[in-house]
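Engineer: Could you have a look at this structure, given as C-alpha cells, before my questions?
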Amino acid sequence: MAIAAEKRAITGGNGRARYRLLYLLKRSYTVAKLGLDDVVREHGLSASDFTLLSFLRQLEPCSAADLARAQNVTPQATTQQVAQLKAKQLVVSEASPVNRRISLITMTPLGRARLAEVSKQARRLEDEMMAGLSDAERTALIGLLGRMIETVEHKENEDADVG
C-alpha cells in the first residue's frame, strides 16, 4: 500500500513523472547522506573519510595525488584528510622505494576493521533504500546511474579538451 501511494506521489497517478530527475536524485542523495552520516559518525569518521578509505582499499599503496584523482578532489584536501586519518591511526605512509619524494599511503589493521564495519552498515542502508525494488530493478538502477555519471564525466572531459 505504501509503495503504491509513493508511486502515485511520484507519478501523479497518471503514470507520467511528476517530479524532475534532478529533484528525485537530490531527494535520494539527501536521505542517503543523512543515513551515511549517522553510520560513519558512530565510528568517528566523516562520509569523506569513508570515501577515501574505500578508494584506498582499491589503490593501496598509493600516493595522496592518486587518491585525489580517484575521488575527483584536490591533492591539498586529500593530504589534509590523510593527516587526520593518520592521527586516528587508520592509515600510515612511508616513502616510496622508487621515488623517496613520494609518500605511499596504506591502511592500518584498525583502518581496515573500521572500513569493513562501516561498509557493512552502508550496505544495509543501501538495502533499506532499495527495499521496494526487485533484484532486476536494483541492477538496472545502479547500471543506469553509472551510465549517467559516465556520460556527464565524458562530456566534462570533452568540454575541457575544447577549452
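Engineer: Among (1) farther than 29 Å from ALA64 by Cβ; (2) modelled with pLDDT under 95, there is one condition LYS155 misses while meeting the rest; what is its number?
Structural biologist: (1)
Engineer: Within the range 123-152, can you find the residues that are surrounded by 10 or more Cβ atoms within 10 Å (Cβ to Cβ), farther than 21 Å from ARG69 by Cβ and among the polar types (S, T, N, Q)?
Structural biologist: THR139, the sole residue that qualifies.
Engineer: Given the structure, is VAL118 aliphatic (A, V, I, L, M) and assigned to a loop (DSSP other than H, G, I, E, B)?
Structural biologist: Judged against the criteria, VAL118 is not a match.
Engineer: As an exercise: evaluate ALA77 against (1) of a type in the set (A, V, I, L, M); (2) crowded, with 16+ Cβ neighbours inside 10 Å; (3) under 23 Å from VAL152 (Cβ atoms) and give the number of the one condition it does not meet.
Structural biologist: (2)
Engineer: Hey, another quick one. If only one of VAL73, VAL82, VAL39 is of a type in the set (A, V, I, L, M) and part of a loop (DSSP other than H, G, I, E, B), which one is it? First the steps, then the outcome.
Structural biologist: Values: VAL82 fails: part of a loop (DSSP other than H, G, I, E, B); VAL39 fails: part of a loop (DSSP other than H, G, I, E, B).
Going through VAL73, VAL82, VAL39 in turn, the sole match is VAL73.
Engineer: Let me spell it out: the conditions are (1) in a helix (DSSP H, G or I); (2) free of Cβ contacts under 8 Å to residues at least 12 places away in the same chain; (3) of a type in the set (A, V, I, L, M); (4) in the same structural domain as GLU126 (by TED's automatic domain parsing), and LEU52 meets all of them except one. Which number is the exception?
Structural biologist: Here LEU52 meets the rest and fails (2).
The values are calculated or read from the model by the stated rules, or taken from the named source; none is laboratory data. Quick caveat, the model's predicted, so the values are computed rather than measured. Here Cβ is always computed from backbone atoms with ideal geometry, including for glycine, and neighbour counts include all displayed protein chains.
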